[in-house]
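Participant: This is the structure I want to talk about, given as C-alpha cells.
The values are calculated or read from the model by the stated rules, or taken from the named source; none is laboratory data. Remember, predicted model here, so these are calculated numbers, not experimental data. Using ideal geometry, Cβ is built from the backbone for each residue, glycine included, and neighbour counts are taken over all protein chains shown.
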Amino acid sequence: MSILVNKNTKVVVQGITGREGLFHTAQMLEYGTRVVAGVRPGKGGEWVIEGKVPVFDTVSGALEATGANCAVIFVPARSAADAILEAGEAGIPLIVCISEGIPVQDMMRARLFLDQRGLKLVGPNCPGLLTPGETKVGIIPGHIARPGNVGIVSRSGTLTYEVIHALSEQGMGQSTCVGMGGDPVHGIGFLEALELFEGDPQTDKVVLIGEIGGNDEEKAAEFIADHMTKPVVAFIAGRTAPAGKRMGHAGAIIEGSSGSAADKTRALESVGVRIAAYPEEIPALLA
Amino acid sequence: MKLHEYQSKQIFADNGVPIPKGRVAATAAAAKEIAEELGGRVVIKAQVLVGGRGKAGGIRLVRSPSEAEEVATQLLSMQIKGLSVRRVLVDEAASIRTEIYLGIINDRQARRPVLVSSGEGGIDIEEVARTSPEKIVRVAIDPFLGLREYQSRGVAARIGLDRELWKAFTQIGLGLYGAYSRSDATLAEINPLVITQEGKLLALDGKMLIDDNAMFRHPDLAELRDMDEELPEETEARKYGLSYVKLDGQVGCMVNGAGLAMATMDIIRSCGGNPANFLDIGGGASSEKVAAALRIILADENVRAVLLNIFGGITRCDEVAHGILNALQGVPRPVPMVARLVGTNEEEGRRILSSAKMETALTLLEAARKAVALAQG
C-alpha cells in the first residue's frame, strides 16, 4: 500500500511537449509510471517519447481515450491555473501541479473550483509524488528512494530529496513522498497527508518537513495530538530567516508575529513530535 | 512588491475611493508649488517603503507654502530606518473626526481574501487584533463572486458607522476590492480611513503589496517598482532569476532550492557561524547562473567563506562542477569555498573540484563545519 498514487495510477501529462514536460515524462516512464497520455493544444494526434505517448488537444479528450485518473502539470505559470481548471472540469480526481509562479488570486479560485467538485490537488510549486518502486508523478529523482515504511510530507523540493537520500542511506525506505509545495495557497497539506499516512497499512512512521510562513505546522500539531498514533519526526527550515522577507518560496515569509520557525517547533514539540536540528539527523530520530 | 503611499492611493482613486487632493514632489520647490495650489495648509509625507513613518517624524502638518518648502527640505534629506527619503507627498490637510481601519488581506488558512475593518483605525491593526479582537470585523470574500455590496454594507453597520455614511463606506469597500483584484494585490489597506469634520469619508493613507507572481500581466505596475528602495544585489539577483536575501553573517551560501537554502543557513548557525545570505539558484546550475550568484555573494564584504550546496538529483554533478569552475574564473576576489554536490556522477564532480583546490564535503553537516571554520580562520 501507499497513499495517493501507486503502480496502477494512469497519468496524463499537461504541457508534455515543453522542455520540462518532455524531460520529466521520459524520467517518469523510465521509473515505471504509467504515463498514458499527454496534452498540448494544437498538437493532438502526435506521439512523443519515441512514439510511446499519444498527445491530445484537451484533457477531456485524453481522459476519454485513455481513462487517465491523475494529471501532472508542467505548463508555464501564466497558463498553469487554467491547466488546473481544465483538469478539474474534465473530472480528473488527482491533479499534481509542478509549475511555479502562479498568481495567488488565480490559485484561490482554482483550489475552490476543485474543492467544489471533490477533486484533489497537490502543489503547485512542488516536486510531486513518489511511491518508491511503483510510480512517480512529478520530478522527485527516483533513484535516491527505496520502498519502505516511512511516509514523507514536505513543503520543499530539494530539501525533501535531501531527507529521502539520508533515509535511504540508512536503509530506511519510504512508503510515499508527498511534495505539497511552497505556495501560500496549495492543495493537499500536512493535515490531509497525515490522515492518509495514519490510515495506510504500509506506513509506520512519518517525516514532516515544514518551513517558515503560515500556520500549517501549528494545525498539523493539533491534528497529531488528536488523531495520530504513528510517530512523527519533523524538520522546520528557516530558524535563521529574518522577519518580513520572502525566502524563495512564495509562502515562506514571517508576517508580523506569525509564521516563525520557533513557534512551529514549539507547537510540534508540545505534542510529542521530535524535531531534527538538521536534515541528516532525521534517520536517527526515526530509529 | 510594495507600492508607495502615493502610488497606492492613486490606484484607490482610480477605483472610486476618495483621497485627499495632492501630488508627489521630488524637490522642496515642487512641494512649495503644490502647497500653494492647495491653499497652504497641507500635510507633507515622506515616501519610503517602511512602516512607522509618523513616529520617525516623516509626516508633518504645515500652514503655509514657505513652511512646506522648509519641511520638505528637511524630509528630503532625512533617512527613515536606513532608507533615504527621495520623494514627499503633499496632501491637502483634512480635519479628522474619526479614524477607521479598512483593508483586504489574503487569508492563507481560508484560502480567500478577507475584508477587515475596525472603528479604531490609525494605529497598528495587529496590536488591536491581539489586545481587543472584538473590535475587528472580518468578512470572508468568495474568490469567484468578489466582495458583494451587502457584505461591505454589513461591515459599515458592524463597526458602528452612522447610517448616513453607510452608502459611501460601501462604495469605498467595493472600490478597495476593485483595486485589490485588478492589481493582483496580496494586501490593499486604508489606514486611516477618516471621517472628516465635514462628515465625509476620505482615505488618508494607503498601502498595497502586489503579487510578484502576477507581474507578467501588470507591466504598468512593474514600472512602479522603486529600485532605490532595494539593494543593488537584490535587483541583480532578480535579473538572473535568482532569489537572494542579504543577511549579516560571514558565510555566503549558494544552494539549489529554497527549503534547502534555509536549512543550509540554519545548519551554519548550529555550527557556530552566521549565514551572510539566502540564495536559491533554482533548478539546474548553469555556469552563467553560478557565476552571477558568486558575484552577488562576494559583493558583500562581510563574506569570509562560501558554501555551495547543490543537491543535483537528476542534474549531473560533473556538469555542475564544470559550471562552478567556469564561474570561478570571473570571481572578483579570492575567498575559500566548500562545495557539496549530491546526485548523479557526484564522485566525478568532487574530483573535478578537488583538482581545482576547492574543499569538498560529503554531508551537509561536514560542509557547514568546514565553511564555518574557513570563515573564522
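Participant: Would you say B:R238 is on the phi < 0 side of the Ramachandran plot, among the basic types (K, R) and within 9 Å of chain A (Cβ to nearest Cβ)?
Facilitator: Details: on the phi < 0 side of the Ramachandran plot: yes; among the basic types (K, R): yes; within 9 Å of chain A (Cβ to nearest Cβ): no.
Taking the combined requirement at face value, the residue does not satisfy it.
Participant: Grab the helices (runs of 4 or more DSSP H) fully contained in the stretch B:205-294, keeping just those with 2 or more residues being at pLDDT 95 or above.
Facilitator: In the stretch B:205-294, the matching helices (runs of 4 or more DSSP H) lie at B:258-270.
Participant: Count, please, the residues in the stretch B:37-68 that happen to be not in a loop (DSSP other than H, G, I, E, B) and not aliphatic (A, V, I, L, M).
Facilitator: The qualifying residues number 6.
Participant: So, in the stretch A:1-21, of the ones that are touching a helix residue (DSSP H, G or I) at 6+ places or on another chain (Cβ under 8 Å) and not aliphatic (A, V, I, L, M), which residue ends up surrounded by the most Cβ atoms within 10 Å (Cβ to Cβ)?
Facilitator: Filtering first and then ranking leaves A:Q14.
Participant: Going by the conditions given, is B:L147 assigned by TED's automatic domain parsing to the domain that holds B:K32 and crowded, with 19+ Cβ neighbours inside 10 Å?
Facilitator: Against the criterion (assigned by TED's automatic domain parsing to the domain that holds B:K32 and crowded, with 19+ Cβ neighbours inside 10 Å), B:L147 does not qualify.
Participant: Would you check which residues across the stretch A:227-246 are within 11 Å of chain B (Cβ to nearest Cβ) and not in a loop (DSSP other than H, G, I, E, B) and list them?
Facilitator: Answer for the stretch A:227-246, where residues must be within 11 Å of chain B (Cβ to nearest Cβ) and not in a loop (DSSP other than H, G, I, E, B): A:F235, A:I236, A:A237.
Participant: If you go through the stretch B:126-147 one residue at a time, how many are at pLDDT below 85 and either under 25 Å from the mean Cα position of the chain (by Cα) or more than 29 Å from B:G52 (Cα to Cα) (or both)?
Facilitator: 5
Participant: Among B:A321, B:A276, B:A299, B:A293, which is in contact with a Gly (Cβ under 6 Å, 6 or more places away or on another chain), small (G, A, S) and closer than 15 Å to B:K246 by Cα?
Facilitator: None of the others qualify; the one that does is B:A276.
Residue by residue, here is whether (1) surrounded by fewer than 21 Cβ atoms within 10 Å (Cβ to Cβ); (2) more than 21 Å from A:V153 (Cβ to Cβ); (3) more than 14 Å from every other protein chain (Cβ to nearest Cβ) holds:
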site	(1), (2), (3)
A:F23	yes, yes, no
A:R40	yes, yes, yes
A:I49	yes, yes, yes
A:Q105	no, yes, no
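Participant: Now a separate question. Return yes when A:A262 is in contact (Cβ under 8 Å) with a residue 24 or more places away in the chain and assigned to a helix (DSSP H, G or I) and no when it is not. Write out each step before concluding.
Facilitator: Numbers: in contact (Cβ under 8 Å) with a residue 24 or more places away in the chain: no; assigned to a helix (DSSP H, G or I): yes.
The answer is no for A:A262.
Participant: Looking at the stretch A:106-119, is at least one residue touching a helix residue (DSSP H, G or I) at 6+ places or on another chain (Cβ under 7 Å) and either β-branched (V, I, T) or closer than 22 Å to A:T203 by Cβ (or both)?
Facilitator: Checking the stretch A:106-119: not a single residue is touching a helix residue (DSSP H, G or I) at 6+ places or on another chain (Cβ under 7 Å) and either β-branched (V, I, T) or closer than 22 Å to A:T203 by Cβ (or both).
Participant: What number goes with the only condition from (1) polar (S, T, N, Q); (2) within 11 Å of another protein chain (Cβ to nearest Cβ); (3) in contact with a Ser or Thr (Cβ under 6 Å, 6 or more places away or on another chain) that A:N125 does not pass?
Facilitator: (3)
Participant: Please tell me if A:E100 is of a type in the set (D, E) and farther than 22 Å from B:R217 by Cα.
Facilitator: The answer is no for A:E100.
Participant: What strands (runs of 3 or more DSSP E) lie completely within the stretch A:1-62 and have 1 or more residues being closer than 20 Å to A:L121 by Cβ?
Facilitator: Filter on the stretch A:1-62 gives A:10-14, A:34-39.
Participant: Under 23 Å from A:P184 (Cα atoms) and within 14 Å of another protein chain (Cβ to nearest Cβ): which single residue out of A:A83, A:A77 fits that description?
Facilitator: After ruling out the rest, the residue left standing is A:A77.
Participant: Which of (1) surrounded by fewer than 23 Cβ atoms within 10 Å (Cβ to Cβ); (2) outside the structural domain of B:V338 (by TED's automatic domain parsing); (3) more than 26 Å from B:V48 (Cβ to Cβ) is the odd one out, the single condition B:G241 does not satisfy?
Facilitator: B:G241 satisfies every listed condition except (2).
Participant: In the stretch A:135-150, which residue that is more than 10 Å from chain B (Cβ to nearest Cβ) and over 10 Å from the mean Cα position of the chain (by Cα) is surrounded by the fewest Cβ atoms within 10 Å (Cβ to Cβ)?
Facilitator: A:P147
Participant: Could you check, for the stretch B:198-210, whether at least one of its residues is in contact (Cβ under 8 Å) with a residue 24 or more places away in the chain and more than 27 Å from B:E99 (Cβ to Cβ)?
Facilitator: No, every residue in the stretch B:198-210 fails to be in contact (Cβ under 8 Å) with a residue 24 or more places away in the chain and more than 27 Å from B:E99 (Cβ to Cβ).
Participant: Which of the numbered conditions does A:G182 fail, given that it passes all the others? Conditions: (1) crowded, with 23+ Cβ neighbours inside 10 Å; (2) of a type outside the set (F, W, Y); (3) out of contact with any His (no Cβ under 7 Å at 6 or more places or on another chain).
Facilitator: With respect to (1) crowded, with 23+ Cβ neighbours inside 10 Å; (2) of a type outside the set (F, W, Y); (3) out of contact with any His (no Cβ under 7 Å at 6 or more places or on another chain), A:G182 is out only on (3).
Participant: Within the stretch A:202-217, identify whether any single residue is more than 8 Å from chain B (Cβ to nearest Cβ) and either over 23 Å from the mean Cα position of the chain (by Cα) or of a type in the set (F, W, Y) (or both), and answer yes or no.
Facilitator: no
Participant: I'm trying to understand the selection: among the residues of the stretch A:265-287, which are of a type in the set (S, T, Y) and in a helix (DSSP H, G or I)?
Facilitator: Residue satisfying the conditions is A:T265 alone.
Conditions (1) out of contact with any Pro (no Cβ under 8 Å at 6 or more places or on another chain); (2) assigned to a strand (DSSP E or B); (3) among the β-branched types (V, I, T); (4) facing chain B (nearest Cβ under 10 Å), marked per residue:
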position: A:R111; (1), (2), (3), (4): yes, no, no, yes
position: A:G133; (1), (2), (3), (4): no, no, no, no
position: A:I152; (1), (2), (3), (4): yes, yes, yes, no
position: A:L159; (1), (2), (3), (4): no, no, no, yes
position: A:V163; (1), (2), (3), (4): no, no, yes, yes
position: A:M172; (1), (2), (3), (4): no, no, no, no
position: A:P184; (1), (2), (3), (4): yes, no, no, yes
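Participant: Please give the number of the condition A:V5 fails out of (1) at pLDDT 95 or above; (2) within 18 Å of A:P141 (Cα to Cα); (3) assigned by TED's automatic domain parsing to the domain that holds A:G67.
Facilitator: (3)
Participant: With respect to A:L119, is the statement that it is among the hydrophobic types (A, V, I, L, M, F, W, C) and either within 14 Å of chain B (Cβ to nearest Cβ) or surrounded by fewer than 24 Cβ atoms within 10 Å (Cβ to Cβ) (or both) true?
Facilitator: yes
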